[in-house]
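Undergrad: Quick one: this structure, given as structure tokens, is what I'll be asking you about.
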Amino acid sequence: MTILEIEKEKLQNVQKTYKELIILYEEKMQNVSKYYKNDPLMQENLLNQFGTKVRMLNKYLNNPYFGRIDFKNEDNKKDICYIGKVGILDSKENPITVDWRAPISSLYYDSNIGECEYESPSGKIKGTLELKRQFEIKMGALINFQDVNTISNDELLKPYLSISADKRLKNIVATIQSEQNHIIRKELRENNIIEGAAGSGKTTVALHRIAYLVYNEQKNYQESSFLVIGPNAYFMDYISSVLPDLEVNSVSQYTFLDIVNNYLKEKIKIISQNTQLESILNNNLDTKIIKYKSTLKYRDAIEKYITYLEENIIHGPIKYKGVVLFSEKVLRDYLNKKDLAISIRIKSFIQYGKSYMKKYGDDIKYSYWLKYKDEYLNTLDKKRKKEILTITEEFNKEITNIEKIIKEYFHDYNLKTLEIYKNFINNCEQYIDNNDCDIKLLKESTIEDINKKTLGYEDLPALIHLNLIFHGYKGYDKYVHVVLDEAQDLGLYHFYVIKKLFKNSTFSIFGDLAQSIYSYQSIDDWKVVIKEIFNNSCNLERLDKSYRTTCEIMDKANIISKYFGYGHAKAVLRHGNDVLLEKVLDINKRDYLINKINYFKENGYLSIAIICKDEIDSNNIYNLIKNNFESDLITTKKTKYKGGICVLPSYLAKGLEFDAVIINDLEKYDINNILDMKLLYVSMTRALHELIITYQKEIKLGNELRK
């Protein structure tokens, strides 16, 4: 038999075992109620357990594995591992397939034939990798295989990189590269920032890292202890299928705005980054205040305000009608616990106050009565007697509701967060240095927004910070690891409050400074984040190789990247058509786009994007083609990515990828404007296979791209 025939037989045997296991677990499910008829909890647990096994076996029956390694350890014990998305054991608990996240599987991604080692729970295992084989399995049949030591890595990747883009991001377990695997398998307790070039697989690596940690930490933490934070709802929908496809179903995936809304629980309209960006692109918004509010200087101002509030939370004893109910000393015992949120301290004191009044309320009432006793007994004025009785009865009644009296004392500390922020803004000149920003402008613009219950993205760190001090973590301290994607768009103050909110978590932070399109409020150097936010306890890793685009497309994108100075990305050795620069006037644009879209469809492309600089242009272009094709206009209000043909503004393209891209009107991008160059770079690096750039006027940038 040939090796191919032997491997085909192996696949058939594995599939046969899978089918036998399906029958076995289905029979077990049928017998659960019979053997555990008096234990409904055990019935439920076993039905879930067996049902999960049946589902997984059915799901992977046609494609149980993608690779094989033969490893001989130093004791000459040989392991032959068929590696798949999940590990499956037979009825005798022997492995049929090995999970890609298992320690030994790292050899498939990291090691060449020959001497090697891998980390296991018991320490380093050394030995020899004798075989590394990649399989091509389609519809349950083995088509071919490649022994990895006989072919270059780029050649192995080509079949995977040449396929069409779908409406959802895919998993990459069969093609994880060594530099990606290094990041995926980092320790849980490490903080890492990963700077990755466009198309380097940042988001995919981020999600596979979560899946890896969930698998390897399942004895210590539940899936719900892990979290993914992404840039917008549209992007989150695009990546939504990856974790379930990796058998991870209980990890929350939120945007930063989701976190804010869930945490604050206030009806506040947030002006999105993209809405602000539209205003900036149209020269309708000054960015100086936005920039300042995203800095640690603004954090320092907020902290000065917090210090003031802490120092004044006890402002004398709690009195009622001249009677001291609680002394300052008693208040300090409950309120100087700065490790607790202010509202928790106040609630704790209210509980103390209630129990105190139950115990000593009669004594307090009596002491108040003593103020009037002699007068009451000695006066002959019946009207005055009645007044005294009314006064004392009212006192007795009112101190019974001690909670109301205490809350009145803490009035300024029981406000909602937005009101507390408003108080800060009203008095911000006491806390902000005149040299840091235009205080008058900050005050006027922010109060106007607060009164409309509308705030900018740059106000969110201050709100979270204040909410933390006043109301605590509200469950966000349960997370042990947070993946933060597209993080280049956050300011230092955003990083600070995220780190503070998830106080028990480590972080994997993914971003690309070359794609930092909100540079008026975001960071421009990861080293500052490492120093200021993580106190230098954070690693900086790089993913320089792009797996998305062809060499021709990446070469042109690298021409643009030099205008904002973030270096060149290296494309996998995959060639395609040259990037086309074509002059297309408005009068001819409709016909031109229809012809090009038809050409792309004839070539089998499933996802085609026309990327415009802003939303106004996107609307205009969409109106040109909407009657000719089933297409989608992507806006800031959209949350679902449908695939197919779409028109979108440049800033919404970040994180997405398409088979073919047409960039509309090159002349609208100013070569001297870094923001414009970043938007163009983002747009160009969305294309997997073909890129066309249209223009109406000859400009210097066009000549640059023709070189």
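Undergrad: What about N467, is it surrounded by fewer than 17 Cβ atoms within 10 Å (Cβ to Cβ) and farther than 30 Å from Q218 by Cα?
TA: no
Undergrad: Among the residues of region 423-449, which ones are closer than 26 Å to H411 by Cβ, touching a Phe, Trp or Tyr at 6+ places or on another chain (Cβ under 9 Å) and either free of Cβ contacts under 8 Å to residues at least 40 places away in the same chain or not aliphatic (A, V, I, L, M) (or both)?
TA: Of everything in region 423-449, those that are closer than 26 Å to H411 by Cβ, touching a Phe, Trp or Tyr at 6+ places or on another chain (Cβ under 9 Å) and either free of Cβ contacts under 8 Å to residues at least 40 places away in the same chain or not aliphatic (A, V, I, L, M) (or both) turn out to be N423, F424, N427, C428, Q430, Y431, T446.
Undergrad: Does K297 meet the test of being farther than 30 Å from I391 by Cβ, of a type outside the set (A, V, I, L, M, F, W, C) and surrounded by 15 or more Cβ atoms within 10 Å (Cβ to Cβ)?
TA: yes
Undergrad: Filter region 378-396 for residues that are of a type in the set (S, T, N, Q) and either touching a Leu at 6+ places or on another chain (Cβ under 9 Å) or in a loop (DSSP other than H, G, I, E, B) (or both) and give the result.
TA: T379
Undergrad: When only residues in region 561-581 that are among the hydrophobic types (A, V, I, L, M, F, W, C) and at pLDDT 90 or above count, which is most open to solvent (accessible area, probe 1.4 Å)? Even if it seems obvious, please write down each step before you answer.
TA: Going through region 561-581, the residues among the hydrophobic types (A, V, I, L, M, F, W, C) turn out to be 564, 569, 571-573, 579-581.
Imposing the further condition that a residue be at pLDDT 90 or above reduces the set to 579-581.
Details: V579: 19, L580: 67, L581: 33 Å².
Among them, the one singled out is L580.
Undergrad: Is it the case, given these coordinates, that L540 is assigned to a strand (DSSP E or B) and either crowded, with 18+ Cβ neighbours inside 10 Å or of a type in the set (A, V, I, L, M) (or both)?
TA: On the way: assigned to a strand (DSSP E or B): yes; either crowded, with 18+ Cβ neighbours inside 10 Å or of a type in the set (A, V, I, L, M) (or both): yes.
So L540 fits the description; yes.
Undergrad: Is it the case, given these coordinates, that T550 is farther than 23 Å from A206 by Cβ, hydroxyl-bearing (S, T, Y) and either open to solvent by less than 40 Å² (accessible area, probe 1.4 Å) or without any contact (Cβ under 8 Å) to a residue 12 or more places away in the chain (or both)?
TA: Working: farther than 23 Å from A206 by Cβ: yes; hydroxyl-bearing (S, T, Y): yes; either open to solvent by less than 40 Å² (accessible area, probe 1.4 Å) or without any contact (Cβ under 8 Å) to a residue 12 or more places away in the chain (or both): yes.
Spelling it out, T550 is indeed farther than 23 Å from A206 by Cβ, hydroxyl-bearing (S, T, Y) and either open to solvent by less than 40 Å² (accessible area, probe 1.4 Å) or without any contact (Cβ under 8 Å) to a residue 12 or more places away in the chain (or both).
Undergrad: Of the residues that make up region 97-108, is at least one over 35 Å from the mean Cα position of the chain (by Cα) and touching a residue at least 12 places away in the same chain (Cβ under 8 Å)?
TA: Within region 97-108, not a single residue is over 35 Å from the mean Cα position of the chain (by Cα) and touching a residue at least 12 places away in the same chain (Cβ under 8 Å).
Undergrad: Moving to a separate point now. Residues of region 154-181 being under 26 Å from the mean Cα position of the chain (by Cα), assigned to a helix (DSSP H, G or I) and either surrounded by fewer than 16 Cβ atoms within 10 Å (Cβ to Cβ) or at pLDDT below 70 (or both), which ones?
TA: L161, S178
This table checks each residue for (1) over 21 Å from D555 (Cβ atoms); (2) touching a residue at least 24 places away in the same chain (Cβ under 8 Å).
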residue: H568; (1), (2): no, no
residue: V572; (1), (2): no, yes
residue: H575; (1), (2): no, yes
residue: V579; (1), (2): no, yes
residue: E582; (1), (2): no, yes
residue: Y592; (1), (2): yes, yes
residue: N595; (1), (2): yes, no
residue: E602; (1), (2): yes, no
residue: S607; (1), (2): yes, yes
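Undergrad: Can you name the number of the only condition in (1) at pLDDT 90 or above; (2) touching a Gly at 6+ places or on another chain (Cβ under 9 Å); (3) hydrophobic (A, V, I, L, M, F, W, C); (4) within 22 Å of T417 (Cβ to Cβ) that I350 fails?
TA: The failed condition is (2).
Undergrad: Looking at (1) small (G, A, S); (2) over 33 Å from the mean Cα position of the chain (by Cα); (3) in a helix (DSSP H, G or I), which is the only condition G51 fails?
TA: (2)
Undergrad: Give region 209-232 a look and list any residue that's in a loop (DSSP other than H, G, I, E, B) and surrounded by fewer than 20 Cβ atoms within 10 Å (Cβ to Cβ), or say none.
TA: To start, the set of residues in region 209-232 that are in a loop (DSSP other than H, G, I, E, B) comprises 217-222, 231-232.
Of everything in region 209-232, those that are in a loop (DSSP other than H, G, I, E, B) and surrounded by fewer than 20 Cβ atoms within 10 Å (Cβ to Cβ) turn out to be E217, Q218, K219, N220, Y221, Q222.
Undergrad: Restricted to region 450-475, and to residues that are without any contact (Cβ under 8 Å) to a residue 60 or more places away in the chain and assigned to a helix (DSSP H, G or I), which residue is nearest to the chain's Cα centre (by Cα)?
TA: I450
Undergrad: Being out of contact with any Asp or Glu (no Cβ under 7 Å at 6 or more places or on another chain) and either modelled with pLDDT of 90 or more or open to solvent by 10 Å² or more (accessible area, probe 1.4 Å) (or both) is the filter here; which residues of region 646-658 pass it?
TA: Selection gives V647, L648, S650, Y651, L652, A653, E657, F658.
Undergrad: Which one is surrounded by the fewest Cβ atoms within 10 Å (Cβ to Cβ) among residues in region 320-350 that are closer than 19 Å to I399 by Cβ and touching a Ser or Thr at 6+ places or on another chain (Cβ under 9 Å)?
TA: So the residue we want is V323.
The values are calculated or read from the model by the stated rules, or taken from the named source; none is laboratory data. Just so you know, these numbers come straight off a predicted model, no measurement behind them. Note that we place each Cβ from the backbone using ideal geometry, even for glycine, and neighbour counts take in every protein chain shown. To get the accessible areas, we keep the full protein, side chains included, count just its heavy atoms, and leave off ligands, DNA and RNA. Shrake-Rupley method; radii C 1.70, N 1.55, O 1.52, S 1.80 Å.
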